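Colleague: Please see the structure below; I have some questions.
The values are calculated or read from the model by the stated rules, or taken from the named source; none is laboratory data. Note that the structure is a prediction, hence the values are computed from the model and not measured. Using ideal geometry, Cβ is built from the backbone for each residue, glycine included, and neighbour counts are taken over all protein chains shown.
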Amino acid sequence: MHILALILGTVLLPAACALQCYECIPGLSLNCTETTKECPSNTQCGSFRIISYAGGTALADVKMKMCALAEECSEASVNLGVAQAVITSKCCTSDLCNTQDAPGGTIPSPNGKKCYQCDGIDCTKTLTCNGNEDHCISVAEGETTKVKGCTSKMICSNTQIAQISAIIGAEISCCQGDLCNSPSTAVTTTSHLMMLLFVTLLISLVLFS
């Protein structure tokens with residue numbers, strides 16, 4: 001009898017103790033429906049918020065909820081010069097605790113690090129990075145450079161880069177060190193600002209898709 005109870009307890013306990021979190025992951029429409037989800041044992045409940053800026057003005061405010069790894073529960077940003085995106089998070093470890101939205105983020109202060117950025121077709125201009133942006137980023141399609149700028153370490157993990165590249169159909173590379181994303185000439189066929197906003201928002205959204 002004791003052996004049977006032990007076996008049943010071993011089988012049923014993980015299911016009974018699985019963390020339940022709210023989940024709401026928007027698509028490209030930026031809308032989502034909140035549901036509940038049983039999360040893996042190595043995750044927390046997380047609320048995330050992505051605010052995209054153009055010229056210092058907030059243009060999009062995307063909120064989402066999901067199961068999250070501890071390393072994802074941090075602040076990050078993508079800075080392409082005119083267009084930027086700031087990611088904030090709020091994580092917790094009890095059932096359905098991610099009821100509140102993550103706090104709104106603002107453009108962080110300059111940190112002194114520098115990367116190359118693209119201004120129109122000129123990718124030789126320098127950009128001062130902000131906050132915890134400690135990597136330089138480049139986005140290219142074939143031999144054509146699309147955008148360059150600064151970004152945070154979280155966005156530059158091998159897994160994230162591979163996922164983002166596959167979805168947006170472009171090669172993304174990161175490096176660490178001032179001006180490590182070598183200068184070049186960009187060729188664009190759409191509005192430069194629209195390209196920057198599109199890539200910035202997509203990079204941010206794909207992180208949590």
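Colleague: If you check every pair at least six apart or on different chains, which have Cβ atoms under 6 Å apart with a residue in the stretch 51-80 that is over 24 Å from SER138 (Cβ atoms) first and a residue that is outside any strand (DSSP E or B) and acidic (Asp, Glu) second?
Modeller: As it stands, the answer is LYS63/ASP101, since those pairs meet every condition given.
Colleague: Something else: Mind checking which residues of the stretch 68-87 are among the hydrophobic types (A, V, I, L, M, F, W, C), in a strand (DSSP E or B) and closer than 19 Å to THR128 by Cβ?
Modeller: Scanning the stretch 68-87 gives ALA76, VAL78, ALA83, ALA85, VAL86.
Colleague: Consider VAL86 against the criteria (1) β-branched (Val, Ile, Thr); (2) in contact with a helix residue (DSSP H, G or I) (Cβ under 6 Å, 6 or more places away or on another chain); (3) closer than 29 Å to GLN44 by Cα: it satisfies all of them except one. Which criterion is unmet?
Modeller: Unmet condition: (2).
Colleague: When the residues of the stretch 103-126 are narrowed to those that are more than 17 Å from ALA83 (Cβ to Cβ) and of a type in the set (Gly, Ala, Ser), which ends up surrounded by the most Cβ atoms within 10 Å (Cβ to Cβ)?
Modeller: GLY104
Colleague: Just one of (1) under 16 Å from VAL78 (Cβ atoms); (2) modelled with pLDDT of 65 or more; (3) buried (at least 19 other Cβ atoms within 10 Å of the Cβ) trips up ASN98, so point out which.
Modeller: Going through the list (1) under 16 Å from VAL78 (Cβ atoms); (2) modelled with pLDDT of 65 or more; (3) buried (at least 19 other Cβ atoms within 10 Å of the Cβ), ASN98 breaks only (1).
Colleague: Among the residues of the stretch 31-78, how many are farther than 24 Å from CYS92 by Cβ and either in contact with a Gly (Cβ under 6 Å, 6 or more places away or on another chain) or not polar (S, T, N, Q) (or both)?
Modeller: Final tally of qualifying residues: 8.
Colleague: When the residues of the stretch 94-125 are filtered to those that are in contact with a Cys (Cβ under 7 Å, 6 or more places away or on another chain), in contact (Cβ under 8 Å) with a residue 40 or more places away in the chain and not aromatic (Phe, Trp, Tyr), which remaining residue is nearest to ALA140 (Cα to Cα)?
Modeller: CYS115
Colleague: Further question on the same structure: Taking the conditions exactly as written (at pLDDT 90 or above, assigned to a loop (DSSP other than H, G, I, E, B) and within 15 Å of the chain's Cα centre (by Cα)), does ASN132 satisfy them or not?
Modeller: So ASN132 fits the description; yes.
Colleague: Still on this structure, I have one more. What number goes with the only condition from (1) surrounded by fewer than 16 Cβ atoms within 10 Å (Cβ to Cβ); (2) at pLDDT below 70; (3) part of a strand (DSSP E or B) that GLN163 does not pass?
Modeller: Of (1) surrounded by fewer than 16 Cβ atoms within 10 Å (Cβ to Cβ); (2) at pLDDT below 70; (3) part of a strand (DSSP E or B), only one is false for GLN163: (3).
Colleague: Quick one: in the stretch 19-50, of everything that is in contact (Cβ under 8 Å) with a residue 24 or more places away in the chain, in a strand (DSSP E or B) and of a type in the set (Ser, Thr, Tyr), which residue is surrounded by the most Cβ atoms within 10 Å (Cβ to Cβ)?
Modeller: Only one residue fits best here, namely SER47.
Colleague: Limited to the stretch 92-125, what total is found for residues that are assigned to a strand (DSSP E or B) and closer than 22 Å to LYS148 by Cα?
Modeller: Residues in the stretch 92-125 being assigned to a strand (DSSP E or B) and closer than 22 Å to LYS148 by Cα: 14 in total.
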